[in-house]
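Before any comments, here is the structure.
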Amino acid sequence: MAKIKIAVAGCLGRMGQELSRQILSNKNLEFVGGFEHKKHKDVNKEFKKISNINSTKLVDSDPSQSIKSAKVLIDFTTPQSTLENVKIASQHKTAVIIGTTGMTEAQKKKIKSYAKKIPILMSSNMSLGVNLLFNLVQQTAHALKETDYDIEIAETHHKHKKDAPSGTALSLGEYAAKGRKVSFNKSKVLDRTKKLMIRKKGNIGFSVTRGGEIAGEHIVSFIGENDRVDLVHKANNRSIFVKGAIDAAIFLSKKKSGLYKMNDLLFSK
């Protein structure tokens with residue numbers, strides 16, 4: 001079987017390096033290259049000379065060549081960079097795995113339009129466990145009515161994470177709202193410091209912690225008068241996100257154009 005050719009955007013970032021290493025060690029995959037922002041201090045240098053990625057390839061500043069050479073691009077960068085990379089990928093018929101968080105609705109709409117030309121899998125979290133949690137949250141929210149149970153979502157991440165709440169936490173809120181068939185935008189409460197008022201029935205509250213090197217922890221609490229149900233996922237390290245992204249890339253390499261979710265991979269087995 002021919003190896004699946006994969007390129008990595010933001011290849012020297014925290015996730016980018018993990019992905020590049022795992023692709024190189026997988027006998028079914030071929031690492032065709034990676035790229036960074038043109039102003040990055042290590043562009044045009046050999047991977048193995050500036051990182052523990054064992055490759056003599058150069059870190060590219062131009063994404064076009066890597067994307068053109070790849071069957072699948074994996075992108076965990078920034079919303080604007082991701083949009084630019086997906087645009088290039090659509091021109092070369094390259095599939096894209098998007099793990100970037102913090103996208104606006106307008107940006108997500110653009111991604112959806114590109115999915116008419118190429119296969120795209122976009123998820124706020126590449127962990128198969130978290131994606132199973134999404135489904136459990138929806139089912140639990142449907143079963144435990146807002147008249148009896150309040151929903152609170154708490155998330156903890158490393159101190160380097162920029163967006164808050166995390167994309168995963170917001171997705172959990174969306175699944176909870178879907179389970180109760182209510183508008184997430186009308187139910188979510190991200191900040192309780194601006195108004196002095198009691199909790200409103202049906203609210204979905206969020207709390208955020210940033211510190212250390214925590215890979216990611218999410219707790220969805222359904223709190224009633226006499227009991228509390230907690231659905232919890234804790235990531236011990238980033239390897240689960242890397243494995244999920246690589247599994248998703250293999251899955252997507254066989255698909256036609258369209259917008260896919262991790263659920264499509266999770267329940268395709």
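In region 18-38, what residues are crowded, with 20+ Cβ neighbours inside 10 Å and either under 16 Å from the mean Cα position of the chain (by Cα) or in a loop (DSSP other than H, G, I, E, B) (or both)? Explain how you work it out, then say what you get.
Going residue by residue through region 18-38, those that are crowded, with 20+ Cβ neighbours inside 10 Å are 18-20, 23, 29, 31-36.
Passing the criteria: E18, L19, E36.
Tell me, yes or no, whether region 197-205 has at least one residue that is more than 18 Å from M126 (Cβ to Cβ), surrounded by 18 or more Cβ atoms within 10 Å (Cβ to Cβ) and in contact with a Gly (Cβ under 7 Å, 6 or more places away or on another chain).
Residues of region 197-205 more than 18 Å from M126 (Cβ to Cβ): 197-205.
Imposing the further condition that a residue be surrounded by 18 or more Cβ atoms within 10 Å (Cβ to Cβ) reduces the set to 204-205.
In the following step, the residues that additionally are in contact with a Gly (Cβ under 7 Å, 6 or more places away or on another chain) were identified as 204.
Looking through region 197-205, at least one residue is more than 18 Å from M126 (Cβ to Cβ), surrounded by 18 or more Cβ atoms within 10 Å (Cβ to Cβ) and in contact with a Gly (Cβ under 7 Å, 6 or more places away or on another chain).
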Only helices (runs of 4 or more DSSP H) wholly contained in region 153-269 count here; list those with 1 or more residues that are among the β-branched types (V, I, T).
167-180, 239-252
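Being among the charged types (D, E, K, R), closer than 17 Å to F31 by Cα and not in a loop (DSSP other than H, G, I, E, B) is the filter here; which residues of region 50-98 pass it? Can you show your working first?
So the first thing to find is which residues in region 50-98 are among the charged types (D, E, K, R), and the list is 57, 60, 62, 68, 71, 75, 84, 87, 93.
Then keep just the ones that are closer than 17 Å to F31 by Cα; that gives 57, 60, 62, 68, 71, 75.
D60, K68, D75 - these are the residues of region 50-98 that are among the charged types (D, E, K, R), closer than 17 Å to F31 by Cα and not in a loop (DSSP other than H, G, I, E, B).
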Find all pairs meeting these conditions: Cβ atoms under 7 angstrom apart; at least six residues apart or on different chains; first residue within region 200-222 and free of Cβ contacts under 8 Å to residues at least 60 places away in the same chain and under 23 Å from M15 (Cβ atoms); second residue among the hydroxyl-bearing types (S, T, Y) and crowded, with 17+ Cβ neighbours inside 10 Å.
T209/T156; I214/T156
Among what's in region 208-227 and is surrounded by fewer than 16 Cβ atoms within 10 Å (Cβ to Cβ) and polar (S, T, N, Q), pick the residue that is nearest to V189 (Cα to Cα).
T209
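This table checks each residue for (1) aliphatic (A, V, I, L, M); (2) over 23 Å from G244 (Cβ atoms); (3) out of contact with any helix residue (DSSP H, G or I) (no Cβ under 7 Å at 6 or more places or on another chain); (4) at pLDDT below 95.
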{"position": "L136", "(1), (2), (3), (4)": "yes, no, yes, no"}
{"position": "E152", "(1), (2), (3), (4)": "no, yes, yes, no"}
{"position": "S171", "(1), (2), (3), (4)": "no, no, no, yes"}
{"position": "E174", "(1), (2), (3), (4)": "no, no, no, no"}
{"position": "F184", "(1), (2), (3), (4)": "no, yes, no, no"}
{"position": "L196", "(1), (2), (3), (4)": "yes, yes, yes, yes"}
{"position": "E217", "(1), (2), (3), (4)": "no, no, yes, no"}
{"position": "E225", "(1), (2), (3), (4)": "no, yes, yes, no"}
{"position": "R228", "(1), (2), (3), (4)": "no, yes, yes, no"}
Please go through (1) surrounded by fewer than 19 Cβ atoms within 10 Å (Cβ to Cβ); (2) within 18 Å of the chain's Cα centre (by Cα) for G173 and return the number of the only condition it doesn't satisfy.
(1)
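Quick one: is D163 among the charged types (D, E, K, R) and open to solvent by 50 Å² or more (accessible area, probe 1.4 Å)? Give the steps one after another, and end with the answer.
Details: among the charged types (D, E, K, R): yes; open to solvent by 50 Å² or more (accessible area, probe 1.4 Å): no.
In short, no.
Quick one: would you say K116 is closer than 27 Å to K186 by Cα, open to solvent by 70 Å² or more (accessible area, probe 1.4 Å) and of a type outside the set (V, I, T)?
No: the conditions fail for K116.
The values are calculated or read from the model by the stated rules, or taken from the named source; none is laboratory data. None of these values were measured; they are calculated from a predicted model. Cβ atoms come from the backbone with ideal geometry, glycine included; neighbour counts cover every protein chain shown. The accessibility values were calculated without ligands, DNA or RNA, using every heavy atom of the protein model including side chains. Shrake-Rupley method; radii C 1.70, N 1.55, O 1.52, S 1.80 Å.
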